[in-house]
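Below: one structure, written as structure tokens.
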Amino acid sequence: MLRRTHTCGELRETNIGEEVTLNGWVNAYRDHGTGLVFADLRDRYGLTQLVFDKENADDALLEVADKLRNEDVVAAVGKVRTRVGGENPKLATGKVEVVVTRLELLSKAETPPFMPGAEKGDLPGENIRMQHRFIDLRRPRMQQILQTRHRVTKITRDFFDKHGFLEIETPILCKSTPEGARDFLVPSRLQPGEFYALPQSPQLFKQLLMVAGADRYLQIPRCFRDEDPRADRQAEFTQIDLEMSFVDRDAVLEIMESFVRELWSQMTGYEAPAMQRITYQEAMDRYGIDRPDTRYGLELVDISDLAAKTDFKVFADALAKRKGVVKVIRVPGGAEKLTRKLTDGYTEFVKQFGAGGCAVTKVTEGGFETGIARFIEPIAAELRERVGAEPGDTLLFGADGYSVCTKALGELRQKVAEDMGMVPEGLWNFLWVVDFPMFEYDEASGRFYAMHHPFTAPREDQIEAFLNADPGDRDAIEGIVSDGYDIVLNGSEIGGGSIRIHRRDVQQKVFNLLGMSDEEAEAKFSFLLRALRHGAPPHGGVAFGLDRLVMHLVGTDNIRDVIPFPKTHTGADLMAGAPSGVDDAQLKELHIASTWKPPAE
């Protein structure tokens with residue numbers, strides 16, 4: 001093979017007169033029919049125009065050139081000259097071209113199902129591209145994403161190396177533990193009837209590394225959760241995983257914030273200001289969600305005291321519930337832009353979050369019109385003052401128990417912002433959300449769940465209250481604040497973590513509140529509880545979602561764009577054909593059998 005001397009994105013005017021060798025794929029082919037052939041040669045670095053003409057090429061070379069087609073792989077030798085016909089300003093190499101004197105066809109390509117150089121509108125559906133991901137990845141956009149992903153991991157390793165972190169690998173074959181998403185299970189051949197789990201995160205191992213004295217840990221691990229994929233979530237994903245010993249929350253947030261600011265500075269040139277911190281309660285009260293997008297307003301306003309003065313049955317029924325509230329969103333200019341069709345659709349939209357509907361009214365010079373205007377007339381003046389309503393605004397109301405009302409309006413807030421065109425482009429709004437509750441209560445199962453995970457510590461000033469809390473006192477348990485924290489960017493959680501539990505008595509009580517007896521906790525987490533008996537330092541950390549970071553940096557809302565070989569929404573690898581059946585002999589070796597039966601036709 002003719003080995004390249006330059007890449008296809010490298011040549012400039014300073015190379016004019018040099019003989020060079022290029023390797024790559026034929027990106028485009030143009031035969032002018034006069035013994036003059038042009039071909040654009042592409043590699044990951046760019047494009048260079050090749051020229052074949054009678055003055056510099058013999059008949060054999062022209063015959064080979066005449067048979068070139070898109071995606072053929074070639075090696076070309078030739079001399080660099082000024083581009084005849086003028087510069088192509090769209091190309092970095094647009095001032096030069098290579099007059100080919102020798103050509104080697106390295107691989108002949110069949111006609112591909114789509115061209116890597118196709119514009120976005122000419123690309124086939126995502127399933128076709130995923131079946132031929134090796135072609136899809138040739139597209140310049142995908143090559144740029146791969147390079148961005150590489151740069152993010154390189155910057156990450158360099159930054160944390162400078163701050164004393166050790167990159168340490170943790171096991172892929174782990175023990176299955178409860179309280180998270182479903183595990184992917186791996187049967188053991190050598191331990192019949194026993195199973196490993198693929199790690200949902202390296203959480204417990206990185207905590208054990210702190211007990212082991214590693215002090216500062218970094219890993220960029222693959223993680224696995226057997227849950228339904230979404231636009232911003234895959235069952236197989238990558239984290240930037242970190243842990244530190246002898247730290248409090250402020251110490252963790254300071255270094256992690258420095259990392260994010262450094263990453264954005266190097267990747268985008270944006271110098272992020274110091275990041276705002278708000279509490280979980282403030283986020284829920286104002287935005288209805290624990291990952292608020294603060295690029296626009298539309299904040300939730302509590303009007304429960306005013307609603308109690310009306311005779312509107314919807315308000316009265318809501319306020320009679322445990323922690324019942326009435327909240328409202330003021331939409332500036334909504335009276336003109338939010339059509340009846342849109343506002344009617346909001347009622348159906350909030351129902352998917354457990355709400356009964358969404359009441360609406362418009363603000364006019366004289367008061368309120370349409371919707372529930374007549375019901376809120378007794379509180380008209382107070383309501384206008386409370387929410388800052390102006391003529392031309394629309395008010396959207398939610399009324400229910402606190403959690404249902406705030407969640408429904410929080411989701412609705414984001415939809416309204418999109419419908420109103422209120423989400424600004426090119427703006428990065430980072431913030432920390434802190435002081436999460438330790439637990440949340442599930443009405444359906446009648447039990448508590450850990451809001452972050454069972455290894456999150458109570459906030460330092462809450463430890464004694466937590467240890468003394470009566471397990472039967474729901475209000476007391478729900479009032480315990482954890483030392484958990486999330487970092488949010490434009491309404492997307494890009495990382496989260498906590499100060500961990502390093503005291504065995506605190507960890508034991510957490511397990512008990514989650515419904516585990518001492519015996520059950522010992523059976524499932526004996527290695528952790530044993531470690532906590534042998535001198536565990538205070539420690540905490542963060543896991544950033546690498547895929548989500550890259551999504552923000554390249555400007556996509558589809559996680560499959562930033563994972564080289566992603567799965568579909570059903571967890572299928574359309575290119576390789578996974579998952580797939582296996583031989584009975586393999587199953588027999590593993591001492592397992594499938595109980596699945598194909599549905600009757």
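The values are calculated or read from the model by the stated rules, or taken from the named source; none is laboratory data. As the structure is a computational prediction, the values presented were derived from the model and not from experiment. Neighbour counts run over all protein chains shown; Cβ positions are idealised from the backbone, glycine included. Just so you know, the surface numbers come from the protein's heavy atoms only, side chains and all, with ligands and any DNA or RNA stripped out. Shrake-Rupley method; radii C 1.70, N 1.55, O 1.52, S 1.80 Å.
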The answer for the chain, accessible area per residue at 1.4 Å probe in Å², is 49
Reduced to Cα centres, the span from the range 358-372 to the range 232-282 in Å works out to 43
Calc'd 3J(HN,Hα), the range 558-564, phi into Karplus 6.51 cos²θ - 1.76 cosθ + 1.60 (θ = phi - 60°), Hz, glycine/Pro = x, comes to 10, 5, 5, 5, 10, 9, x
Ignoring ligands and nucleic acids, residue 534 exposes an accessible area, probe 1.4 Å, in Å² to the nearest 10, of 140
If each part is reduced to its alpha-carbon centroid, the range 16-49 and the range 382-440 end up apart, in Å, by 54
Excluding residues fewer than 8 positions from residue 597 in its own chain, the lysines with Cα under 22 Å of it are 588
The relative contact order of the range 458-550, taking Cα pairs under 8 Å that sit 6 or more residues apart, comes to a percentage of 28
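Keeping every protein chain in place, order 285, 122 by accessible area at 1.4 Å, biggest value first, i.e. largest first.
Result, largest first: 122, 285.
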Long-range alpha-carbon pairs in the chain, meaning those over 49 Å apart, account in percent for 29
Surpassing 19 Å at the alpha-carbon level, of the pairs 327/362; 321/341; 154/206; 309/351, are 321/341; 154/206; 309/351
Quick tally, 1.4 Å probe accessible area for 539, 150, sorted with the most first, runs 150, 539
Beyond 31 Å (Cα-Cα) in this structure, taken from 67/90; 415/524; 415/567, we find 415/524
Rounded to the nearest 10 Å², the 1.4 Å probe accessible area of residue 580 is 90
Here the FRET efficiency for residue 557 versus residue 67, based on Cβ atoms and R0 = 56 Å and rounded to 0.05, is 0.85
With +1 at each Lys and Arg Cβ and -1 at each Asp and Glu Cβ, the charge dipole magnitude of the chain around its Cα centre, to the nearest 20 debye, comes out at 780
So, over other residues within a Cβ distance under 14 Å of residue 280, counting Lys, Arg +1 and Asp, Glu -1, the net charge is -3
Mean separation of Cα contacts under 8 Å (at least 6 apart) over the residue count of the range 411-569, i.e. the relative contact order in percent, is 20
With every protein chain in place, the accessible area of residue 504 for a 1.4 Å probe, in Å² rounded to the nearest 10, comes to 70
Placing each pseudo-label 7 Å from Cα in the direction of the beta carbon, residue 246 and residue 597 end up separated by a distance in nanometres of 6.4
The chain: relative contact order from alpha carbon pairs under 8 Å, six or more residues apart, as a whole percent, is 13
Projected onto the charge dipole of the chain (unit charges on the beta-carbon of Lys, Arg, Asp and Glu, signs +1, +1, -1, -1), the Cα from 86, 165, 279 with the largest positive-side position is that of 86
The aspartates and glutamates whose Cα lies under 14 Å from the Cα of residue 337, excluding any fewer than 8 residues away in the same chain, are 393, 418, 419
Hits for the chain under the membrane-span-like helix rule (DSSP H, Cα axial span at least 24 Å, Kyte-Doolittle mean at least 0.0) are none
Taking the chain and counting helices only, DSSP H stretches of n ≥ 4 at -39,500 (n - 2.57) each over all residues, the nearest-500 ellipticity at 222 nm comes to -9000 deg cm²/dmol
Charge dipole of the chain built from unit charges on the beta carbon (Lys, Arg +1; Asp, Glu -1), centred at mean Cα; most positive-end Cα among 416, 17, 190 is 17
Plugging the Cβ-Cβ distance of residue 111 and residue 418 into 1/(1 + (r/R0)^6) at R0 = 35 Å yields, to the nearest 0.05, a FRET efficiency of 0.30
Residue 518 and residue 270 label points (each 7 Å along its Cα→Cβ direction) are spaced in nm at 5.2
Under the rule rounded for a/c under 1.5, else prolate if a/b exceeds b/c, else oblate, using alpha carbon gyration tensor axes a ≥ b ≥ c, the range 180-302 is classed as prolate
Reduced to Cα centres, the span from the range 520-589 to the range 146-190 in Å works out to 8
Excluding ligands, DNA and RNA, the carbon-plus-sulfur percentage of the accessible area of the chain with a 1.4 Å probe reads 49
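As a test of reading the structure, rank 280, 270 by solvent-accessible area (1.4 Å probe, protein chains only), most first.
So the residues, ranked largest to smallest area, are 270, 280.
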Here the net charge surrounding residue 362, from other residues whose Cβ is less than 9 Å away from its Cβ (Lys, Arg +1; Asp, Glu -1), is -2
With 0.36 nm assigned to each residue of separation and the Cα-Cα distance removed, residue 336 to residue 427 gains 30.1 nm
By the Cα gyration tensor axes a ≥ b ≥ c (a/c under 1.5 gives rounded; else a/b larger than b/c gives prolate, otherwise oblate), the shape of the range 516-595 is oblate
